[in-house]
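Report on the following structure.
The values are calculated or read from the model by the stated rules, or taken from the named source; none is laboratory data. The shown structure was predicted, so the numbers you read here are calculated from the model rather than taken from an experiment. Cβ: placed from backbone, ideal geometry, glycine included. Neighbour counts: every protein chain shown.
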Amino acid sequence: MEKTLVVIKPDGVQRTLIGEIIRRYENSGLKLIAIKMLVPTPAMVEKHYLVNPEWIKNVGEKSIASYKNKGEQPPFKTSAECGQAVLARLKKYMSAGPVVAMIWEGSKAVGIVRKITGGTEPLSSDVGTIRGDYTIDSYDLSDSADRAIRNLVHASGSVEEAEKEITLWFKKDELIEYNLVLEKILYDVNLDEILE
């Protein structure tokens, strides 16, 4: 079973989408094993995004490639410059108000959560995803306003990233181990114990 971190960002909280976002993950068959509301500090936000030492370079390259794919001129000269700007904006955005941090558990939880969440840029996210259905922000709109993209949710990008992020947001004793009836349907090979 994989565990993954999901953070409903300040825009998701302010738009009163907490219940809808939780419902999406819950309906997939994932199990919520930890949840809390808090206002993260800028320092915590920086630690969160830099659990992957390549994050600044990667996010910069991804952002620049997105501009070029749309035939637009990126507003940054290098991926490092772009990544640093994104980090500064995220620190301001993520510490602007309350967020809801959660840990979801299940088979292939990281990939399932990412699929349900949608791509980083809401404008190009698929219909049916959280970001595709509930927001219309874009890289160029956020860059022109010198702010982070408002995409409602953070979802861990890999199992390794999830493990590191979870330890930043939760103490071990905040994770609750329990059984759900639906786990028998999802994971029990023979569907034993359905009939008495």
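Key figures
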| read-out | value |
| --- | --- |
| Criterion violated by TYR93 - all others in (1) at pLDDT below 95; (2) part of a helix (DSSP H, G or I) satisfied | (1) |
| Qualifying positions in the range 104-129 - of a type in the set (D, E, K, R) and either part of a loop (DSSP other than H, G, I, E, B) or within 12 Å of the chain's Cα centre (by Cα) (or both) | LYS108, ARG114, LYS115, GLU121, ASP126 |
| Options ALA80, ALA101, ALA43; residue that is part of a strand (DSSP E or B), of a type in the set (Gly, Ala, Ser) and touching a Lys or Arg at 6+ places or on another chain (Cβ under 9 Å) | ALA101 |
| Which listed residue, of ILE116, ILE130, ILE176, is more than 26 Å from CYS82 (Cα to Cα), crowded, with 17+ Cβ neighbours inside 10 Å and modelled with pLDDT of 95 or more | ILE116 |
| Single residue of SER124, SER156 found to be surrounded by fewer than 18 Cβ atoms within 10 Å (Cβ to Cβ), closer than 18 Å to LYS62 by Cβ, of a type outside the set (Asp, Glu) and touching a residue at least 12 places away in the same chain (Cβ under 8 Å) | SER124 |
| Criterion: of a type outside the set (Val, Ile, Thr), in a helix (DSSP H, G or I), surrounded by fewer than 19 Cβ atoms within 10 Å (Cβ to Cβ) and free of Cβ contacts under 8 Å to residues at least 60 places away in the same chain - qualifying residue of GLY71, GLY19 | GLY19 |
| Residue list for the range 139-149, filter: surrounded by fewer than 18 Cβ atoms within 10 Å (Cβ to Cβ) and assigned to a loop (DSSP other than H, G, I, E, B) | ALA145, ASP146, ARG147 |
